[in-house]
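Asks: Below is the structure I would like to discuss, written out as structure tokens.
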Amino acid sequence: MAFSPCQLAYYGKLGVFRWVKDGVEFDPSKDPELSVSRDSGTFSLTAKDGPIHQYQGRYNCYASNDLGTAVSNEARIVTESNAPKFPGKQKVSKKVEEGESVVLPCNPPNSTVAPVIHWMDKKLRHIQQNDRVIQGRDGNLYFSHVTEADSRDDYTCNTQFPSARIIVLKEPIKLTVVPSNSVVRNRRPQMMRPTGSHSSYLVLSGQNLELECIVQGLPSPKIQWIRKDGVLSESRTSKDSYDRVLRFKNISESDSGEYQCTSTNLQGMITHTYSITVEAAPYWIKKPKSQLYAPGDTVKLDCKADGIPTPDVTWSINGNLLTDPKRSLKHGVLTLKNVELSDTAVYQCKAVNKHGSILINAYVYVIELPPQILTEDGLMYSVAEGQTTEMACETFGSPQPNKFCLSDKTVIVKPPLALRIQRGKPATLTCEYQVDSRQYTPQVQWRKNGQKLTESSDSDKYMIDESTLIIPEVKEEDEGIYTCEVITTLDMAEASGSITIVGSILPPVLFVNPHSPDRPDSPTQIQMTEPKDRSVTLSWTPGDHHNSPVLEYLIEFEETEYERKEWEELSRVPGTNQRATLSLKPFLSYRFRVIAINDIGKSDPSMYTDVFSTPAAPPDSNPEGVRSDSIDPGNLVITWKEMDRHSFNGPGFRYKVMWRKVLGSGPSWHTEFMTSPPFTVTDVGNFSAFDIKVQAVNEMGEGPEPKSTIGYSGEDYPIEAPMDVGVALINSTTVVVKWAPINRETVRGRLQGYKRVWEGKPSNISFLITDSNEERKVLGDLQPYSHYGLSVSVFNNKGEGPQSDPLTFHTPEGVPGPPSSLLLDSPSETEMTLHWTPPTQPNGVLKGYTLKYQQGALTNSLIDSHQDLKLDPHSRYRFYLRGYTAKGEGLPIIREGATTLDGEVMEISQGFVTESWFIGLISALVLLLLVLLILCFIKRSKGGKYSVKEKEEGQIDSEVRPMNNEAFGEYSDNEEKQTASQPSLCEDSKLCTDDTLDDYANSMQTEVIMDESLASQSSGVRDVPDPGTQESSPLNPATAISHNGLPNSVAFLD
């Protein structure tokens, strides 16, 4: 086995190692049983058998070279003289009555390492444990009370020593439980482990602690834990073994205090108090830094440690206690004034208390160096005119360099770029500079890879125009570094750019490597320096960029303690950087890796670093979105957006929830700690206002003071309806609803508004919601001449309250809607009958109908007059039919139609008369008509046949033609009708009459009015009345049949 590895980082030449054991020099190379490593001080035991107790002790390793001696922390070797084993095997038997308590002893062998103990049976099955049977930390098996089922002869204590890979079995124990001679009586609890009423524990910070509370009693007692001097932290503690064990993991100083275990059953209770004192081995608060110094400098090495009790801090130089009076030591700070080359050494700071010691090395290297400027070049400063600014100029050298600054020196303000150019394309490099105005024009010299370039050297290759270099056609040999030198009589400035050929065509290949050779290689030598509480500096060495410069570096991190490990982006830096300072969050363990990126793609990730852990700190922020989300009446539900675990900043993260009533509760806050939202406060009243806030807390402290917000407890349904509901009529379709404001206390929540519900006849339920500050609302789109019932209610977030008593109102009469239908019927070429149905929405008492029609070209004007009509079989008509009430006429229904020669109605679709195709068709028909008329006139001028018989028959036919009883508004011009007989070509067309042109050219518009005093004719045939006996009214009311006393058809006759 290997002992005490000693591998220290060092400066200068390879060091020499030596060991000190228990304060005495120890040379492992002289021990034949030990083997020492060549490159380090590590030694190991080569003999596999034989005693090793002589190596037990405390060791320190000293590593020395020409710059000093470093010392390791103390290492301790503990040996076991003999393998652990139980004493002589003895058969143990126990016999008890049912209901009694019993302890089966294990008594494991003594060892420097705590064993792992299991109670098993002979088949190596675990003995079942519960709140009655439990294993103590001492390894014994405790029965609170026994039952007959506990009888067995193979209770075996198995003791395992993992580090030694040893398992020791104890002789099985026989337990016999006999029935009691009397009734088993209940017993009050009694402590079994620990005994007595009080026990004390001393534990070191960071260790784990378990408090036991094993009791006997019948029935099995229940266990409850409390902290007597505070609140028992649920995040810092956990319960195990059926609440018989209270466990502290990674205990801290805040856990010091008194804890109490209370055991109860039906017979009584017993308590035990535990006093816990937490102390700490030394730990570092501030570590000294290793650094290079120049002769004459003052060195301050700050070393601070803490612990309980407070440790003593001492300094050593090269492993020897510091006794030089020239070196000042005050409050842990070692000051070395006016250092010399001989002060180069390794200084050790050691902190010691009764619980242990820690040691750290600080390297002081005093050296003479020429002056160096440490401040980065090219820093930019932004400052307003008139302000003062400081420009950094950090230097290093030995002796300390003198610093001075130059102004108005020659600078290149716009250096040549790194160009990536395709072959055959032009390239332009510019070099803009700035010189002192008092100097002459400088000389600009261009170089390629260090060789001067002149325009005359190759007139076809380079064109130089002052500070501009042009390459008209780039070729492979033009790749390289191009430097611009600006030379004056006093100084010179230079800057470089480059040209890289890209986009070259590669010959076809059968296999393409998935890792393109144009991607950069992975960065190497990833190092972490300058560690701080919340930052660390990462540096790396770039890999080969393969002719495509690195544009940026991607730094990723992985949390090692997170179950779902994955790499996340942390930072990006320009490709010119080789280091980055990373901002970190407290209480996280990081590993880093770096990826280079160029135009081609990403490199493979670098090797990841060692784990870097940041110390815990109080939370930096509080949760957002704090609000009340209360639904149930009487409950206040406080919720918030859970914080990301990266913002916990330390162990034991919790939310501190605080609340108080806005009125009447004073400044005191109620507080509760939660691990997640929400948090509910009960029995606080309906819709009560509270100040609420939530603060982030961990073991290191509290987050910033949070701002409070107003939240409300849950709402309940409103209990009253609005009063004094009234309606004011505006017109036949609109009313105004008014109501008195509601008493806000009866709303029992936040008043969201008012809801109005009204129902008309026929049944048609509607509702309208308004804002909470409204007390009147206009209701429109009502049905005229209708009955309505209206109710008003209030509503909050919970729901709607009761409705007010129904209020009925009636809307006044209005104008009717259009008739439901209008059909056209043409019994003959000079007659048309109209049929219609009443409006579906009469909106009042329907008085009658108004019929208007247009003949010929459609115009916007209508002729409102009673007159005789002559229907032209060659004209088209548009009909407008309206109903009217006492309030006036309603909307019309419109139809278009024309009679035809065979008596059919040709309905004309609305809307197509303006189409271009229709206008063209009409024009063609008019032209054809004119040609026919001319032919007719020519025919008649030559003389034609005239049929007296046909004319007579035509007159008789027109006189005896029966009339439709439903005809309305029968009109006749009482003139002789045109004969149906025409000569030759005009016989069938009826286009050659004398009146054709006049009838077609003249449009006529007529209105027929039908009111309640008029009735339509009933269906049937009637004779034409004698003109002398005909009534003055155009219709006979005695024969009227209509809808609601109104006509539903009318006939137009020629």
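Asks: Which of the strands (runs of 3 or more DSSP E) found entirely inside the stretch 128-241 contain at least 3 residues meeting this: of a type in the set (A, V, I, L, M, F, W, C) and surrounded by fewer than 18 Cβ atoms within 10 Å (Cβ to Cβ)? Break it down stepwise before answering.
Replies: Details: elements: 133-135, 141-143, 152-161, 166-169, 173-178, 187-193, 198-204, 209-212, 214-218, 222-227, 237-240.
Here the list reads 166-169, 198-204.
Asks: Looking only at the stretch 912-953, how many residues end up being at pLDDT 70 or above and within 30 Å of residue 896 (Cα to Cα)?
Replies: Summing the residues that are at pLDDT 70 or above and within 30 Å of residue 896 (Cα to Cα) in the stretch 912-953 gives 16.
Asks: What's the number of the only condition in (1) assigned to a strand (DSSP E or B); (2) open to solvent by 40 Å² or more (accessible area, probe 1.4 Å); (3) under 16 Å from residue 282 (Cβ atoms) that residue 351 fails to meet?
Replies: (2)
Asks: For the stretch 584-633, which positions are modelled with pLDDT of 90 or more and of a type in the set (Val, Ile, Thr)?
Replies: 594, 595, 597, 609, 611, 614, 626
Asks: Something else now. Being at negative phi and in contact with a Phe, Trp or Tyr (Cβ under 7 Å, 6 or more places away or on another chain) narrows it down to one residue among 160, 135; which is it? I'd like the intermediate steps shown before the answer.
Replies: Details: 160 fails: in contact with a Phe, Trp or Tyr (Cβ under 7 Å, 6 or more places away or on another chain).
Just one listed residue meets the conditions, 135.
Asks: Considering only residues that are modelled with pLDDT under 90, in contact with a Lys or Arg (Cβ under 7 Å, 6 or more places away or on another chain) and of a type outside the set (A, V, I, L, M), which ones fall in the stretch 434-475?
Replies: 475
Asks: Next question. Open to solvent by 50 Å² or more (accessible area, probe 1.4 Å) and either small (Gly, Ala, Ser) or touching a residue at least 60 places away in the same chain (Cβ under 8 Å) (or both) - does that describe any residue in the stretch 670-679?
Replies: Yes, because at least one residue in the stretch 670-679 is open to solvent by 50 Å² or more (accessible area, probe 1.4 Å) and either small (Gly, Ala, Ser) or touching a residue at least 60 places away in the same chain (Cβ under 8 Å) (or both).
One line per residue, one yes/no per condition, for (1) under 30 Å from residue 409 (Cβ atoms); (2) among the polar types (S, T, N, Q); (3) open to solvent by less than 40 Å² (accessible area, probe 1.4 Å); (4) modelled with pLDDT of 90 or more:
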{"position": "506", "(1), (2), (3), (4)": "no, no, no, no"}
{"position": "510", "(1), (2), (3), (4)": "no, no, no, no"}
{"position": "515", "(1), (2), (3), (4)": "no, no, no, no"}
{"position": "524", "(1), (2), (3), (4)": "no, yes, no, yes"}
{"position": "542", "(1), (2), (3), (4)": "no, no, no, yes"}
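Asks: Any residue in the stretch 164-186 that is more than 22 Å from residue 92 (Cβ to Cβ) sitting within a Cβ distance under 9 Å of a residue that is aliphatic (A, V, I, L, M) and surrounded by 14 or more Cβ atoms within 10 Å (Cβ to Cβ)? List the pairs, counting only those 6 or more apart or interchain.
Replies: Between residues of the stretch 164-186 that are more than 22 Å from residue 92 (Cβ to Cβ) and residues that are aliphatic (A, V, I, L, M) and surrounded by 14 or more Cβ atoms within 10 Å (Cβ to Cβ), the close pairs are 184/218; 185/218; 186/218.
Asks: Got a number for residues in the stretch 333-346 being within 15 Å of residue 313 (Cα to Cα) and in contact (Cβ under 8 Å) with a residue 40 or more places away in the chain?
Replies: Going through the stretch 333-346 one residue at a time, the tally reaches 1.
Asks: Applying the selection to the stretch 301-337, what residues are part of a strand (DSSP E or B), more than 30 Å from residue 202 (Cβ to Cβ), among the small types (Gly, Ala, Ser) and modelled with pLDDT of 85 or more?
Replies: Scanning the stretch 301-337 gives a single hit, 316.
Asks: Filter the stretch 270-295 for residues that are open to solvent by 10 Å² or more (accessible area, probe 1.4 Å), more than 46 Å from the chain's Cα centre (by Cα) and of a type in the set (A, V, I, L, M) and give the result.
Replies: Listed by number, the residues that qualify are 270, 292.
Asks: Oh, and also: If you go through the stretch 533-578, how many residues are under 17 Å from residue 597 (Cβ atoms) and part of a loop (DSSP other than H, G, I, E, B)?
Replies: Total satisfying the criteria: 15.
Asks: With the structure loaded, tell me whether residue 298 is within 26 Å of residue 205 (Cα to Cα), surrounded by fewer than 17 Cβ atoms within 10 Å (Cβ to Cβ) and either touching a residue at least 40 places away in the same chain (Cβ under 8 Å) or under 52 Å from the mean Cα position of the chain (by Cα) (or both) or whether it fails that test. Steps first, answer last, please.
Replies: Numbers: within 26 Å of residue 205 (Cα to Cα): no; surrounded by fewer than 17 Cβ atoms within 10 Å (Cβ to Cβ): yes; either touching a residue at least 40 places away in the same chain (Cβ under 8 Å) or under 52 Å from the mean Cα position of the chain (by Cα) (or both): yes.
No: the conditions fail for residue 298.
Asks: Looking at the stretch 432-454, which of its residues are of a type in the set (A, V, I, L, M, F, W, C) and without any contact (Cβ under 8 Å) to a residue 40 or more places away in the chain?
Replies: Within the stretch 432-454, 446, 453 meet the criteria.
Asks: Restricted to the stretch 315-348, and to residues that are β-branched (Val, Ile, Thr) and buried (at least 17 other Cβ atoms within 10 Å of the Cβ), which residue is farthest from residue 73 (Cα to Cα)?
Replies: Taking the candidates together, the pick is 339.
Asks: Among the residues that make up the stretch 487-504, is at least one of them out of contact with any strand residue (DSSP E or B) (no Cβ under 9 Å at 6 or more places or on another chain), at pLDDT below 80 and within 21 Å of residue 415 (Cβ to Cβ)?
Replies: Yes, the stretch 487-504 has at least one match.
Asks: Which condition number does residue 174 fail, the rest of (1) more than 30 Å from residue 310 (Cα to Cα); (2) under 58 Å from the mean Cα position of the chain (by Cα) being met?
Replies: It is condition (2) that residue 174 fails.
Asks: Moving on to the next point. Among the numbered criteria (1) surrounded by 19 or more Cβ atoms within 10 Å (Cβ to Cβ); (2) touching a Gly at 6+ places or on another chain (Cβ under 9 Å), which one does residue 580 miss?
Replies: That leaves (2) as the condition not met.
The values are calculated or read from the model by the stated rules, or taken from the named source; none is laboratory data. All values derive from a computational prediction rather than experimental measurement. Here Cβ is always computed from backbone atoms with ideal geometry, including for glycine, and neighbour counts include all displayed protein chains. To get the accessible areas, we keep the full protein, side chains included, count just its heavy atoms, and leave off ligands, DNA and RNA. Shrake-Rupley method; radii C 1.70, N 1.55, O 1.52, S 1.80 Å.
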